[in-house]
Every structure is written in structure tokens, then in C-alpha cells.
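Structure record follows, encoded as C-alpha cells.
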Amino acid sequence: MRRLSFLILLLSFGKFIFGQSPHTDALKIDCVECHSPVDWKIDLKQLKFVHSSTGFSLVGQHITADCKSCHSSLVFNQASSQCLSCHQDIHQNSVGLDCQKCHTPNSWMVKDIRQIHEESRFPLIGAHLTADCIQCHSGYQNLNFDQVSVDCFSCHQNDYNSTTSPNHTAAVFSKDCQDCHSITSDNWAAENFIHDFFPLLGGHNISNCFSCHQQGSYSGLSTECYSCHRSDYEQVQDPNHVTGNFPTDCSLCHTINGWEPADFDHNNTQFPLTGAHTSVDCRNCHAQSFTGTPTACVECHQDNFNATQNPNHIAIGISTECQTCHNTTAWIPSSFTHSSTGFELIGQHSTVECSSCHSGTTISQECVSCHQEDYNLSTNPNHSALSIPTDCQTCHTPTVNWEPASFPIHNNYYELIGAHATIANDCITCHNGNYNTTPNTCYGCHQSDYNSTIDPPHASAGFSTDCVTCHNQNAWTPSTFDHDNQFFPIYSGKHNGEWNSCSDCHTNSSNFALFSCIDCHEHNQTDMDDKHSQVSGYSYNSEACFACHPRGEKEGAFNHLFSNFPLTGAHITLDCQQCHQQGYAGTSTECHDCHQSNYNSASNPNHQALSLSTNCSDCHSTEVGWEPASFPQHNQYFEFTGAHTQISNDCYSCHSGNYTTTSSECVACH
């Protein structure tokens, strides 16, 4: 009872304490996560509270800040996470309230002004990249960045007013600087002005702008020739352009290089003069003026079209495009032939009445435009279901009826190659008269071949029904099954000719995966173990046999040529044990691993003293032994230049057989 009373008292006291928490009920964590149960003090080293759980992680300068700097009261949830709640806005509300757009908790220093400007209304490019901030932001020294106009003129008004060549103010130039200057340039240079909207070429290549801009205005000036050359047009008498109602587009006859010579070549217009048109007086066509004259034949020859009776052009709806049948030489003879339309009448088309096809004023040359119903009703094969092209001539011809038909697009559905190509014209072999349900897999047609094959027995051995795994479309045999490279050489190795069928080695017909060397070759294991006592990794199984007898050879099976260290020169006559002293696995192919003692004992020259490369092949070869040796790095010790290059292969001339004490001083040899 005493213990129970003590627990009730303790729980009541705890409830009283929590009810009096200075942090309010909003703080839902146990007091012991922050306070010591002895004296309520906070040991920061033992503090279990994780500040990131509040949604505000302490990083940068915040890590070392005193808690009371932000939490002025013990009610922690009253502290704001906004920067301005702790940090005074020294920018005087000129850049907004989001400090994090420019600053980080690590430092107030702004690292990338350019990036900030990229996100503003005015990215810094061209000369603005190197401009000092204060040049645009007058309040810069007071950290006031009130919005500045992005209009060029707002900053460059003095530049505009002070420019005299040309005088922008007098000429009333546009105040939009970018009309003439490039914002990406580093200067105001005149070459930045681009007159590409009206290239100054030929006679226009003038240095005095005011020859055209006479009113001192550089905007709104027309680029039409006539706007500047009206007086020239009106004063011309030969021919009189005004009375002749010549076009005011000077470029039709003149060039930008000068008025003369002038050339009006009708061939340069949309209507070159050919045939009878070359002898027609200009006024016959240009009765009203030289502008706006139609180029369509019927515009001049409507009466000829209406009056023609043989054939009656109007009655049968012949096109008013006269050039379809006629040329400019004469109306007769007409050059019309049906083949000229791109649709030659052959076969059954040659016997069809014109009105059968020409029921309206326009007609398509596409077969399906007349034979759509034939296409839709075809069921064997079903043209619509198979999405066979509606271009009937792909398979059919007009010389006969729909049948027989070719099918040259067979490869779009099933490619006919190899032996299949020979039956391309014998459709019945595969389709049996039904073109809708024919299988398109090998097994679908060759299931009986698969089931009847007994060597090897495909069905019982569980061979793949994907025939192309072993066979090709040329013939079943020879099979393209790559036994040599995929498993074991039976054609290219010693076993070639020593077997009659697969079952010679694959004695288990139900599982072709079961076989081994010792199933066929009865070895004396004791004798074999003795012979292979020095072979690293040797074991009495098939995988071990293949490692050294990859092609089925019996004696001397291992060929160093197939390894990563082919034997050449003096290496050929060595006994295997001289290199493979520790076994055959992991033997180094580096020269110095076998010849370190040769390198250390070499004294003429002394390899160690000269720090020569330990890669022996740099100077020596396996073909002739250590001597003679080349020395391609000679220039590292004495550079061959001039006449010395001629004796670079005659070492004895300088060294006389001694490569250790040869002096590099000229006087030593000369």
C-alpha cells in the first residue's frame, strides 16, 4: 500500500509539473530530452533534441548562435523562421523580404551577383558585365537597391546627347539605343550599327547619310526605289514612264549599280515570252498598264476556250489551264495524250468509256479512287484487316483482271529469303489458299520436321522450337549450330571425323547437357595425376581438360601462342619449369620478374647506376639475346643532333665497347 501511494503521489506531482511548463503545452517532448532531472540545467553535449524536427535546420552561422538570440521567450513556437524576424533589413525594403534570394546562412557575402541579375529584369551582358554597381544603383553605398529602369536611355541620356557623329539629337534618332547598338558589345563603336535592313550596295554605297535622310529623320524612311527616285521616273522620256504607265518598281528594269544600261527582259518575269507571244505587240496584253497583267492563259484566251466545239471545252468540263493541251506556238495540233496526264490507258482501262472515270470536273489517278469497293470487299486476304496498301498496282495490273495477283510486298509481312525465296511464286505451298491464318513462325510451318528429327531428337531433348537458333533459311543441313565456339570443338579440333552422330558423346538422349571427357576416354587416373603433378589447378574433370586441351590434342596440347605471352626467340627453347617454378597459375609476363638478376649485374652500362628502365624490351629482344641491344632513350643522356645523328646506330664509334666511362665532353672524342 505504501508503494502504491508513492506512485500515485509521483504521478500527481508529474501532472502538476507538466501543467506548469513554461514552454506551454505546444512542446510535446519529454523534459529529460533537454533538462537534467537533478537541477533542470541543460547540458548541450547531452542534448537529444534535434532542431531539424521543427522544420528549421541549423546550418552555417545558425549552428553557433545562442538559442536565446532567436528564442527570446521560453515559448519556443513563438519564434518565426523568417530571416527578418531576427535580422534587420539594411536594404531599406528595396530588394524584398526574402533574404535567401541573395544570402546564405554561411555568410552575408553575395557570391554571384551575375546570377542574381540573371533572375531579374536586366541580365548583365556585354559592357554591363564589367560596369561598377554604383554606376546604375545610385544608392549602392547605402545598400539601397531601389528598382532602376531597364530602358537604355535612362542611363545613357548623356551619351545620346553628346554624340555628334552623327548628331543624335539633331537627327532625332530613336532613343531606343538597341535599334542601332548591340547590348552584347563592349563599346558604342559605329561598326555596331547595322544597315542590313537596306544594304548599302552599288549606287547606294554613299558615305553621306543625309543624301537619303534629308529631313534628318532616321525612322519611317521607305525602302521603295520610287520613294527616293520619283523625280528620275517622271523626267525620263525614252521611254516616257508616266505616259507609258510603267511600273514604279525601278528594279524591274534597272539595277542598284546605275540607271544605265537598263534591261527589261520579259524572261525574268513570271511570264517568259515564247512561241507566238514573242511577236505580239506589248499593248495587246498590257492594254491598261504594265502592272497587274494576269499570266493565266484563259485571262487572254477566254473567248477561244468558249468558242471551241471539237471538243466542247465547256460541256465536258475541260480545264481552263490551256497549257495542259496546248503550247504557245499554236492551238493546233493539240499535244494532248492521256499518257501526258501521268495515267496511260492500258489493259482494261483502254476499253472503258471516258465518262466512267470522268464523271466530274476533277479525277484522281489513284486506283482506290475508283476501286475502293473492290478493296473493301476483298476477304482472301482481307485487305482492310491486313492494312494492305490501297495502291492497287502494287499487286495488280490493268492488263488482266484482279487475278492472278503478285504480292511483291510479302517481305513487309514475312521476309522470303533462302529456300523460301524459291517458293515465292508458289503461294499455295504455305497458304493452302487461305491468306488470313497462315502462321509466320518457323515452328508454325515446320512442326513436323521438328518432331520427326531423331539425331538429335529435338522433341525429347527439349530443343528450342525457335528453328533459327541452329538452322538458317537456306536449308536444314548443314546445321549452323556452333558447337565449336559455344561448347567444345568437334569440327575444328582433334575430334573432327571421330564421331558419327551426336549420341556418340551425348549418351543420355534425354539430357544433352550431360557429357564429359572421361565418359569417352578411359584414362588411368593415377598415371594422369602423375603427369599433371606440376599443373596448377589440375583436376580430373572435363573443365580442367578443356583448359589445356581446348581442341582435343593429346600431347603438347598447351600452345603458348594462344596465351597472353607467346614464346619467341630464346624463350622457345626454355624448359617450362624455368619460368613456372611456382606452378602455371599467375606467372608474371614482365621481363624483369624473371631477369632481375641480369638487370642488377649488368655493368656495361651499369643499369642500376643509370636508373635504366626495368622494361627490358625497351632495348632488348627475345630473338637474339641480350646483345646486340638498341638504346632508343640515348637522347636522355646525350642528345643526337647534327652529324651525330648519322652515327646513332654505330655505338662502337664513340663507346669502343665501354658504355660506362664515355665522356659527354666534345674534346673527349674530338
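The values are calculated or read from the model by the stated rules, or taken from the named source; none is laboratory data. Note that the structure is a prediction, hence the values are computed from the model and not measured. Here Cβ is always computed from backbone atoms with ideal geometry, including for glycine, and neighbour counts include all displayed protein chains. With ligands, DNA and RNA removed, areas are computed over all heavy atoms of the protein, side chains included. Shrake-Rupley method; radii C 1.70, N 1.55, O 1.52, S 1.80 Å.
Per 0.36 nm of contour for each residue apart, how much would the distance between THR645 and ILE332 grow if the chain were fully extended, relative to their Cα-Cα spacing? Between THR645 and ILE332, full extension yields an extra 103.7 nm. So which lysines pass the test for LYS494, namely a Cα distance under 23 Å, with those fewer than 8 places away in the same chain ruled out? Filter leaves LYS531, LYS554.
Taken about its Cα centre, the chain carries a charge dipole of roughly 2980 debye when the Cβ of each Lys and Arg holds +1 and the Cβ of each Asp and Glu holds -1.
Average 1/r across all pairs of distinct alpha carbons in segment 575-666, invert it, and you get the Kirkwood radius: 15.3 Å.
In this simple spin-label model, placing a label point 7 Å from the Cα along the Cα-to-Cβ direction at both GLN82 and CYS209 gives a separation of 5.3 nm. Counting only residues at least eight positions apart within a chain, or on another chain, there are no lysines with an alpha carbon under 16 Å from that of LYS175. From its DSSP helices (H runs of at least four residues, each -39,500 (n - 2.57)), the chain gives a residue-normalised ellipticity at 222 nm of -5500 deg cm²/dmol. Of all segments of the chain bounded by trypsin sites (Lys or Arg not before Pro) found in a DSSP loop with no more than 10 other C-beta atoms within 10 Å, the longest spans 122-553. Per atom type, the chain shows carbon and sulfur on 54% of its accessible surface, probed at 1.4 Å.
Projecting label points 7 angstrom from Cα along Cα→Cβ for ALA127 and SER601 puts them 8.2 nm apart.
The distance between label points at THR429 and SER94 comes to 9.1 nm (points 7 Å beyond Cα on the Cα→Cβ vector).
Using θ = phi - 60° in the Karplus curve 6.51 cos²θ - 1.76 cosθ + 1.60, the 3J(HN,Hα) couplings for segment 632-641 round to x, 9, 4, 5, 6, 10, 8, 6, 7, 9 Hz; x is entered for Gly and Pro. Can you find, among ASN161, PHE173, GLN596, the residue sitting farthest towards the positive end of the charge dipole of the chain, where Lys and Arg contribute +1 and Asp and Glu -1 at Cβ? Of ASN161, PHE173, GLN596, it is ASN161. Heavy-atom accessible area for ASP303, with the other protein chains in place and a 1.4 Å probe, reaches approximately 120 Å².
Could you pull the accessible area for PHE407 with a 1.4 Å probe, rounded to 10 Å²? Counting only protein heavy atoms, PHE407 exposes about 80 Å² to solvent. Solvent-accessible surface of the chain, taken per residue with a 1.4 Å probe and all protein chains present: 74 Å².
Here segment 103-198 is assigned +1 on the Cβ of each Lys and Arg and -1 on the Cβ of each Asp and Glu. Its dipole about the Cα centre then comes out at about 220 debye. The structure-derived value of Rg and Dmax of the Cα atoms in Å appears in the list (1) 50.2, 138; (2) 33.7, 115; (3) 26.6, 85 under the label (1). Our coupling estimate for segment 401-407, obtained by passing each phi through the Karplus curve with A = 6.51, B = -1.76, C = 1.60 and θ = phi - 60°, is 6, 4, 10, x, 10, 8, 9 Hz, Gly and Pro reported as x. Dividing the convex hull volume of the alpha carbon atoms of segment 369-453 by its residue count gives 106 Å³ per residue.
Once all protein chains are placed together, VAL172 keeps about 100 Å² accessible to a 1.4 angstrom probe. Neighbours of ALA570 by Cβ distance under 15 Å: Lys/Arg scored +1, Asp/Glu scored -1, total -3.
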